[in-house]
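**Q** Below you'll find the structure I mean.
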Amino acid sequence: MSTTGETPRPRGNRGNFPVHPKNPAPHESAANSSPPEITPITPARIVRPHRKNNAGIVDNTAERFTEYGKTAECLIGQVATRLVWTPSGRTRHTAPKGDTVFNRRSFLGGLSTAALAVPALGAAASATPRSSGLRPAAASLPLTVVNNTGDFANTSITLYIVGVNSANQQCHVTADGELVPVSMSDNGSDGYAHYGIPLNSNGNTNLSIPPMSGRIYFALDGELKFKVVESGTGEPALQYPAGWVPSDASNGVLHDTFEFTLNDRGMHCNTTMVDMFSVPSAIHLVGARDQTTGTIPSGGRQRIFSEITSVPGFENLQQGDRRIVAPGHALDLGNFSETYFDSYVDRVWEQYRSTSMSVDIGTGVYTGSVSGDKFVFDGDVGEFGRPSTRDVLFCDGALAAGASPRGPVAAILGAGLNRSALHNVTDQPASNAGDFYGTDITNHYAKVMHANTVDGKAYGFAFDDVAGFAPYVEDTAPTSVTLTLTPW
């Protein structure tokens with residue numbers, strides 16, 4: 001694969017913020033290719049407040065698919081492309097001929113540094129694209145970082161706070177809390193931008209998060225490789241690490257991430273395992289409420305590694321002691337079966353030839369059944385083709401989400417397939433965790449993640465927030481947030 005002179009096709013997921021092109025290129029081994037020069041951009045996102053659905057479950061699925069039809073600009077390869085969301089959820093574009101067209105989920109996910117790498121983002125960063133940018137917040141928010149790993153000294157840990165500001169500019173945050181747009185001049189003599197913020201040598205580290213939408217990366221034994229590149233319109237854009245890709249410059253660094261949006265609606269944040277799991281962490285958000293999520297008990301990291309790799313078909317997801325890679329990314333790397341979910345999808349499709357499924361998205365209830373090889377729903381939802389294993393893992397492809405009501409229904413179907421909870425629950429979304437992961441063919445990666453958190457919440461796949469099972473917290477009047485790197 002050429003690293004210059006052509007626009008490579010990014011693949012992979014989320015991520016709740018999940019994803020990949022609608023028609024991905026044939027698989028190529030990342031180990032045998034160099035990372036292409038892709039220019040990723042993290043778009044502005046607005047998180048809408050969660051609300052309870054008719055089952056009393058906190059869920060904001062429907063809200064996250066409203067107001068499409070607006071335009072938003074993102075970067076594909078090194079070419080600026082204007083995507084326009086149509087009522088069907090499909091995209092059209094005005095990029096030069098031959099450019100890659102991405103669906104809405106790809107845009108939400110941003111682009112990464114390698115052809116097999118598209119980071120997936122969680123609920124904290126998923127929301128309505130707005131050409132006018134993010135809603136600004138009134139003030140910055142105090143952030144405390146606590147190192148309770150027990151295995152790594154503060155001096156070996158570095159933070160990176162990156163994202164977009166209210167003007168949709170890609171930015172990084174300095175140690176004193178200043179939000180600074182990225183610049184080509186940020187790249188050092190080694191070709192990378194050094195945005196790292198070291199922890200205090202001892203004790204807790206107190207910082208400040210400005211109003212923005214983005215991620216906090218934490219690296220425990222090395223420096224992550226961020227790079228500012230020039231977009232097709234001449235604007236600076238930031239390449240993010242894709243650590244699960246063997247050829248990525250950050251692959252050898254132990255790291256993970258925390259996602260957030262801080263604006264005038266409050267603080268919205270989550271931990272995530274959608275791309276990979278490496279470093280246990282927890283969030284403590286204080287404001288109108290006092291909330292903690294994401295905590296993994298001591299010893300949980302090793303249990304997660306051991307339990308996932310002991311499942312047939314999932315044994316190749318581990319990359320040494322660095323990380324467990326999500327099965328969707330493992331599939332793109334050639335380490336997970338492309339047909340894994342086929343038998344379960346067949347089971348669901350056959351069941352609903354003779355019965356109907358009811359899907360409540362909060363703003364309406366839609367009924368569907370299988371006709372021919374399509375799952376056909378009433379109203380404006382339309383039909384869904386039979387999804388591949390990759391479609392299931394990334395909640396995309398045949399399950400690509402678009403405008404409401406199709407988008408929420410697609411999200412619920414994707415969640416039900418990953419949780420293997422469509423065959424046994426005809427009224428969706430399934431909201432009883434006891435109905436999840438009960439078959440041999442299921443997303444064991446997500447199952448193990450949920451089983452090893454204190455509150456049972458995890459972001460194991462793109463739409464793991466359906467029915468409120470993600471480690472997502474928000475507060476409309478936040479006063480502080482604490483990120484704790486917890487014991488291993």
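The values are calculated or read from the model by the stated rules, or taken from the named source; none is laboratory data. For clarity, every value in this text was computed on a predicted model and none was experimentally measured. Because the Cβ atoms are built from the backbone with ideal geometry, glycine has one as well, and the counts that use them run over all protein chains shown.
**Q** Can you confirm whether T363 is farther than 21 Å from D435 by Cα and at pLDDT 95 or above?
**A** yes
**Q** Another one. Return yes when G438 is under 20 Å from S310 (Cβ atoms), more than 21 Å from the chain's Cα centre (by Cα) and outside the structural domain of T272 (by TED's automatic domain parsing) and no when it is not.
**A** Answer is yes for this residue.
**Q** For a quick check of your reading of the model, give me the residue pairs whose first member lies in segment 448-468 and is on the phi > 0 side of the Ramachandran plot, whose second is among the β-branched types (V, I, T), with beta-carbon atoms closer than 6 Å and at least 6 apart or on different chains.
**A** So the pair list comes out as A467/I57; G468/I57; G468/V58.
**Q** Identify the residue in segment 239-249 that is crowded, with 21+ Cβ neighbours inside 10 Å and not acidic (D, E) and, among all such residues, is farthest from G334 (Cα to Cα).
**A** Q239
**Q** In segment 194-243, which residues are aliphatic (A, V, I, L, M), over 29 Å from T476 (Cα atoms) and in a loop (DSSP other than H, G, I, E, B)?
**A** L220, L224, A242
**Q** While we're on this one: Check S298, S371, S343 and return the single one that is at pLDDT below 95 and surrounded by fewer than 16 Cβ atoms within 10 Å (Cβ to Cβ).
**A** Going through S298, S371, S343 in turn, the sole match is S298.
**Q** Now for a separate question. Within segment 201-224, can one find any residue that is among the β-branched types (V, I, T), farther than 19 Å from S140 by Cα and more than 23 Å from the chain's Cα centre (by Cα)?
**A** Among the residues of segment 201-224, not one is among the β-branched types (V, I, T), farther than 19 Å from S140 by Cα and more than 23 Å from the chain's Cα centre (by Cα), which makes the answer no.
**Q** Residue under question is T261, and the condition is that it be touching a residue at least 24 places away in the same chain (Cβ under 8 Å), in contact with a His (Cβ under 6 Å, 6 or more places away or on another chain) and not hydrophobic (A, V, I, L, M, F, W, C); does it hold?
**A** When the stated conditions are applied, T261 passes them.
**Q** I'd like to verify a number: residues in segment 174-193 that are part of a loop (DSSP other than H, G, I, E, B) and in contact (Cβ under 8 Å) with a residue 12 or more places away in the chain, how many?
**A** 9
**Q** Looking at segment 163-197 only, could you name the residues that are more than 20 Å from K227 (Cβ to Cβ) and of a type outside the set (A, V, I, L, M)?
**A** If the condition is that a residue be more than 20 Å from K227 (Cβ to Cβ) and of a type outside the set (A, V, I, L, M), then S166, D176, G177, E178 are the ones that fit.
**Q** Can you tell me which residue in segment 210-238 is surrounded by the most Cβ atoms within 10 Å (Cβ to Cβ), limited to those that are under 12 Å from G196 (Cα atoms) and charged (D, E, K, R)?
**A** Going through the qualifying residues, I end up with K225.
**Q** Do we find a residue being hydrophobic (A, V, I, L, M, F, W, C), surrounded by 24 or more Cβ atoms within 10 Å (Cβ to Cβ), within 21 Å of the chain's Cα centre (by Cα) and modelled with pLDDT of 95 or more anywhere in segment 419-429?
**A** Among the residues of segment 419-429, not one is hydrophobic (A, V, I, L, M, F, W, C), surrounded by 24 or more Cβ atoms within 10 Å (Cβ to Cβ), within 21 Å of the chain's Cα centre (by Cα) and modelled with pLDDT of 95 or more, which makes the answer no.
**Q** Could we say that V279 is modelled with pLDDT of 95 or more and outside any loop (DSSP other than H, G, I, E, B) here?
**A** no
**Q** Is it the case that V425 is without any contact (Cβ under 8 Å) to a residue 24 or more places away in the chain and either in contact with a Lys or Arg (Cβ under 7 Å, 6 or more places away or on another chain) or among the hydrophobic types (A, V, I, L, M, F, W, C) (or both)?
**A** Judged against the criteria, V425 is a match.
**Q** Being of a type in the set (A, V, I, L, M, F, W, C) and surrounded by 23 or more Cβ atoms within 10 Å (Cβ to Cβ) is the filter here, so list the residues in segment 385-399 that pass it.
**A** Result: V392, L393, F394, C395, L399.
**Q** Identify the single condition in (1) surrounded by fewer than 14 Cβ atoms within 10 Å (Cβ to Cβ); (2) assigned to a loop (DSSP other than H, G, I, E, B); (3) of a type in the set (S, T, Y) that T149 does not satisfy, given that it satisfies every other one.
**A** (1) is the only condition that T149 fails.
**Q** Then there's this: Restricting attention to segment 474-488, report how many residues are of a type in the set (V, I, T) and in a strand (DSSP E or B).
**A** Result for segment 474-488: 3.
**Q** Moving to a separate point now. Scan segment 437-449 residue by residue and report those that are over 15 Å from V392 (Cα atoms) and in a loop (DSSP other than H, G, I, E, B).
**A** G438, T439, D440
**Q** Step by step: first the residues of segment 179-191, then only those that are buried (at least 17 other Cβ atoms within 10 Å of the Cβ) and within 24 Å of the chain's Cα centre (by Cα), then the one that is nearest to N165 (Cα to Cα). Which residue is that?
**A** L179
**Q** Is it the case that T149 is out of contact with any Ser or Thr (no Cβ under 8 Å at 6 or more places or on another chain), touching a residue at least 40 places away in the same chain (Cβ under 8 Å), in the same structural domain as L254 (by TED's automatic domain parsing) and among the β-branched types (V, I, T)?
**A** Criteria not met by T149.
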